[in-house]
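The values are calculated or read from the model by the stated rules, or taken from the named source; none is laboratory data. Fair warning: this is a prediction, and the values are worked out from it, not measured in the lab. Every residue, glycine as well, gets a Cβ built from its backbone with ideal geometry; the counts of neighbours run over all protein chains shown. We work out accessible area using only protein heavy atoms, side chains counted, and drop any ligands, DNA or RNA first. Shrake-Rupley method; radii C 1.70, N 1.55, O 1.52, S 1.80 Å.
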Amino acid sequence: MTKTKEIIETGWNLDNSYARLPELFFTRLEINPVQSPKLIIVNYPLATSLGLNADALESEDGVAVLAGNKVPEGSLPLAQAYAGHQFGHFAMLGDGRALLIGEQITPLGKRFDIQLKGSGRTPYSRGGDGRAALGPMLREYIISEAMHALGIPTTRSLAVVTTGEAVIRETDLPGAIMTRVADSHIRVGTFQFVSKWGNDQELKALADYTLQRHFPGAGLGVNRYLFLLQEVIKRQAVLIAKWQLVGFIHGVMNTDNMAISGETIDYGPCAFMDVYDLKTVFSSIDVNGRYAYGNQPSIAAWNLARFAETLLPLLHDNQAEALKLAQGEILNFTKIYHCNWISGMRAKLGLFNEEFRDESIIEDLLTMMQKYQADYTNTFRDLTFDKSSDSSLFSSDEFSLWKKLWKARLSRQQESKASSHKLMQSSNPAIIPRNHRVEEAIEAVVKQGDYSVMERLLDALSSPYDHSTKKDDYSTLPEKLDRPYRTFCGT
Ligand code: AMP
Ligand code: MG
């Protein structure tokens, strides 16, 4: 392959460790060129941290790589095989519209998957066209970057390009490709796939690879595969607690959409909750509320049980013993999750130490928020600044009583009021990507070719804990008429 000047300067430094795994795990593919790629957005800070030159990514050759029209030096494109429980039903899946172009090794020696999403059909596409529409790709870009800024582990978005081709959905929509950056794309579903269709050696190869890539700390003499299960459970418990604390609803927590690395992955019909309600569901396809806000922790435990099942042959020679080990670990998920959630909630209320009654203070507040239909984010923000916004929650007698108890609780800790205030500021975001704002930004790009609304939104979302008043605009709720908001998978 001839190296073009631009590509060398872009800084691609790709390895392909996944391509060295057993062939069962993936299909090597040629790229699938699109008609006339055009750059929509490049993530400068992310490019820099990957060792890539963002200006070079914006050049014709750079965009050709982001559109899947050109293979960068060192790339061995492939689609990954995986299975998954979708709404509880097991299915063979795999990358039906994505290509892993390689693993970028950063100047600091870290390894990140670089994947083109929307890049065309693969052997795993089933009935799909392998393509993606611009709107959903921008949605993933905006929300994943917002999650990152909120301090929540997530895959990230390096760029979005349009393809110059229409994708056919209910209407014709502009086609697009998003470049996704991930610690890896190994999913619970990857283990399910190998467990069902591979042999024990292949399963061991996947587990060893995952350990080496994500959890290299297994000491000598420990059961390495039990360690893998424990670490994956820990990361998911931390992740789901973070989701709950900011009111993020993933929308499709199928086992193929749960990353072993502990990153949030596969942004489809996800959204942030406005009014606090455990039953909140946005996704139009989730008719039974399986993936409602309040169900996310128990669904995570269910998914992790599916993961544990795949590891049984590696956990112990005796399968009854293996099952016992796995069950013990799954029970631990709830404990670790709860610990993380409650310490996050304490921080949201400015509490540094622990008191026995803290949980009931927290639960009482949430119960009132549900009863008075209070906005989740704004309620905590108002508590942070001791503001009583004009809501029925704040004017109720039961809230006044609760507030007295909370203030008394605050005064029983050693830390000053100022430290509490600071802790609350850094634990309660001023801004989240509210649905109506995200939609407004996407519509401006897709319908008017106006990028300014999205740029302003991305800028505001990049520092969510900055409580300056210039962000107030983004805190307003959607008109009542827009609720309940519905999101669509938008594939
Ligand atoms: P998702 O709902 O995005 O997690 O996707 C579930 C499965 O459907 C994955 O295997 C995807 O690769 C596949 N898929 C989603 N959209 C398409 C599409 N337009 N063409 C082909 N496969 C798709
Ligand atoms: Mg998926």
Q) Between segment 61-104 and segment 264-332, how many Å separate their Cα centres? A) 24 Å
Q) Counting Lys and Arg as +1 and Asp and Glu as -1, each charge on the Cβ, what is the dipole of segment 3-184 about the Cα centre in debye, to the nearest 20? A) 340 debye
(Q) Within segment 401-434, name every residue whose backbone N is under 17 Å away from a label modeled 7 Å from Cα of S388 along the Cβ vector. (A) 401-408
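Using only DSSP helix segments of four residues or longer, with each worth -39500 (n - 2.57), what per-residue ellipticity at 222 nm results for the chain after dividing by its residue count and rounding to 500?
-13500 deg cm²/dmol
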Q | Top positive-direction residue, dipole computed over the chain with Cβ charges, set T10, P313, A292 | A | P313
Q: Please work out the average accessible area per residue across the chain, using the 1.4 Å probe convention, and give it in Å².
A: 43 Å²
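Taking a temperature of 25 °C and a viscosity of 0.890 mPa s, what whole-number D in µm²/s does Stokes-Einstein yield for segment 189-346 with Rh from Kirkwood over alpha carbon pairs?
In µm²/s, the coefficient rounds to 150.
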Q: For K279, go through the lysines and keep the ones whose alpha-carbon is under 24 Å away, minus same-chain ones fewer than eight residues off.
A: K242, K335, K348, K371, K480
Q. Classify segment 3-184: rounded, prolate or oblate, from the alpha-carbon gyration tensor (a ≥ b ≥ c, eigenvalue square roots; a/c under 1.5 rounded; otherwise prolate if a/b is larger than b/c)?
A. rounded
Q.
On a 1.4 Å probe surface of the protein chains, which of F227, F272 comes out largest in accessible area, and what is the full order?
A. F227, F272
Q.
Nothing charged except the Cβ atoms of Lys and Arg (+1) and of Asp and Glu (-1): what's the magnitude of the dipole of segment 189-346 about its Cα centre? Round to the nearest 20 debye.
A. 360 debye
Q. Excluding G262 itself, what net charge comes from residues whose Cβ is under 11 Å from its Cβ, given Lys and Arg +1 and Asp and Glu -1?
A. 0
(Q) Quick one: the Cα spread of segment 133-244 along its three principal axes, in angstroms, biggest first? (A) 57, 35, 22
Q | Prolate/oblate/rounded call for the chain, Cα gyration tensor, a/c under 1.5 rounded | A | oblate
Q) From the residues L78, Q35, V275, which one has its Cα farthest along the dipole of the chain in the positive direction, the dipole being from +1 and -1 charges on Cβ of Lys/Arg and Asp/Glu about the Cα centre? A) V275
Q) Share of the chain's accessible area from carbon and sulfur, percent, 1.4 Å? A) 53 percent
Q) Using a simple charge model, +1 on the beta-carbon of Lys and Arg, -1 on the beta-carbon of Asp and Glu, nothing else, what dipole does the chain show about its Cα centre, in debye to the nearest 20? A) 740 debye
Q: Evaluate the relative contact order of segment 189-346 (contact order divided by residue number), counting alpha-carbon pairs under 8 angstrom at least 6 apart; express in whole percent.
A: 28 percent
Q. Of the peptides 120-133, 185-198, how do they stack up when ordered by the mean number of other Cβ atoms within 10 Å, highest first?
A. 185-198, 120-133
Q: Would you mind calculating the gained length between L108 and S426 on full extension (0.36 nm times residue separation, minus the Cα-Cα distance), in nm to one decimal?
A: 111.7 nm
